1. Can you give the FRET efficiency to the nearest 0.05 for Ala75 and Thr123, using r as the Cβ-Cβ distance and R₀ = 25 Å?
2. Take the Cα coordinates of region 1-139, assign each an equal point scatterer, and use the Debye formula without solvent to give log10 I(q)/I(0) at q = 0.19, 0.20 Å⁻¹.
3. Restricting to the chain, compute how many DSSP beta bridges are antiparallel as a %, nearest 5.
4. By DSSP, what percent of the beta bridges with both residues in region 66-152 are antiparallel, rounded to the nearest 5?
5. If one puts a single equal scatterer on every Cα of region 50-106 and applies the Debye formula without solvent, what log₁₀ I(q)/I(0) results at q = 0.15, 0.21 Å⁻¹?
6. Using mean Cβ contacts within 10 Å as the protection proxy, how do 103-110, 131-138 order, highest first?
7. Please quote Rg/Rh for region 57-152 to two decimal places, taking the Kirkwood radius as Rh and restricting both calculations to Cα atoms.
8. Could you calculate the FRET efficiency of Arg23 with Met88 from 1/(1 + (r/R0)^6), where r is the beta carbon distance between them and R0 is 22 Å, rounded to 0.05?
Amino acid sequence: MQSANVLPPIEIALEEARAAATRGEVPVGAVVTDAAGLVLARAGNRVEEFSDPSAHAEMLALREAARRRGGKWLADCTLTVTLEPCPMCAAALSAFRVRKVVYGAYDPKSGGVDHGPRIFQSTSCHHAPEVIGGVREAECAAVLRDFFAGLR
């Protein structure tokens, strides 16, 4: 585990997103912090690198945080991510029992928290974390927009 963060979690997530873009990945970054604000794990998308459609930044960070903790629950943790989690990642956040989710850009097309299936509002959802969306939204959205503009 690392000591207290010098950077706010959203800045760490943005660093991971930018690093993912340099690898040719969709630029999404995530960080898991514990109740004291210590970084347990950080990751950027690695879908292309791993040839694994589940290698989203959130999934990688959650798995690593749980591994470091030696258990399956992250009940006192916060996941901070640059883009609204998709339905797969939202379901994983529920399964890991994450306390809070903080995200940057909204994702009306593929989101699973405040858009699309709204996983945490489903009657079949066993755990719904606190959600804060739109944190540094413009900056997070610009990282994505710039990446896709470069592909056109």
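The values are calculated or read from the model by the stated rules, or taken from the named source; none is laboratory data. Keep in mind it's a predicted model, so treat the numbers as computed, not measured. Every residue, glycine as well, gets a Cβ built from its backbone with ideal geometry; the counts of neighbours run over all protein chains shown. Heads up: the accessible areas ignore ligands, DNA and RNA and are worked out on the full protein's heavy atoms, side chains in. Shrake-Rupley method; radii C 1.70, N 1.55, O 1.52, S 1.80 Å.
1. 0.70
2. Ignoring solvent entirely, the Cα scatterers give -1.06, -1.19.
3. 55 percent
4. Just about 0 percent of them are antiparallel.
5. -0.39, -0.76
6. 103-110, 131-138
7. Over the Cα atoms of region 57-152, Rg/Rh equals 1.00.
8. So the FRET efficiency works out to roughly 0.60.
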